[in-house]
């Protein structure tokens, strides 16, 4: 579990770095989820997790100084946590997936706070970079930029590694103890979450085009297929 969590954290750190540079959209949950799932030999679970998270926060746009929830970290944790727990327990059910979803989703807003602190701490680097520019120190400017990226990279690694390691242990320990009534509720919640996500997506069609609708339709058909 330690090794797998470390591998996922490093891969997730690279994916989350895309939120700042080069911003090629590989950090989007709909991409990051399947990538992490593929590393764990279960890209479908990653696709479902990524689509769930993508739809829920599709209306949170990084406009101006606003920092949206770190949906990349949330999608990575949900994907990896549910798959690792499923491997340990012998089966990844819809109920286990929703349990992991509810457990790791709060790390989206937590990641937002961490990202804010890192960006705020980079203000000092910006001022030093300006001083380097005035002194004509090109290498100094480059070092400031690289150090800033390292802070974001390492921050996301820690933000993924510790919750994934502890969260997976919680899932493996608590899930088998849940009564049947709660398991049934979690199972039906699996089919309710996409409806909530589609509702959010419908309000963003004018902002984000047809991508939310496509994600919503994919989830609806996937849920119907799994239900029957």
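State yes or no: is residue 139 surrounded by fewer than 18 Cβ atoms within 10 Å (Cβ to Cβ), at pLDDT below 85 and touching a helix residue (DSSP H, G or I) at 6+ places or on another chain (Cβ under 9 Å)?
yes
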query: From the residues in the range 1-41 that are surrounded by 22 or more Cβ atoms within 10 Å (Cβ to Cβ) and not in a helix (DSSP H, G or I), which one is nearest to the chain's Cα centre (by Cα)?
result: 27
- request: Return yes when residue 112 is within 19 Å of residue 75 (Cα to Cα), at pLDDT below 85 and surrounded by 12 or more Cβ atoms within 10 Å (Cβ to Cβ) and no when it is not.
  value: yes
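The values are calculated or read from the model by the stated rules, or taken from the named source; none is laboratory data. Just so it is clear, the structure is predicted and the values come from calculations on it, not from any experiment. Glycine also receives a Cβ, built like all others from the backbone with ideal geometry; neighbour counts cover every protein chain displayed.
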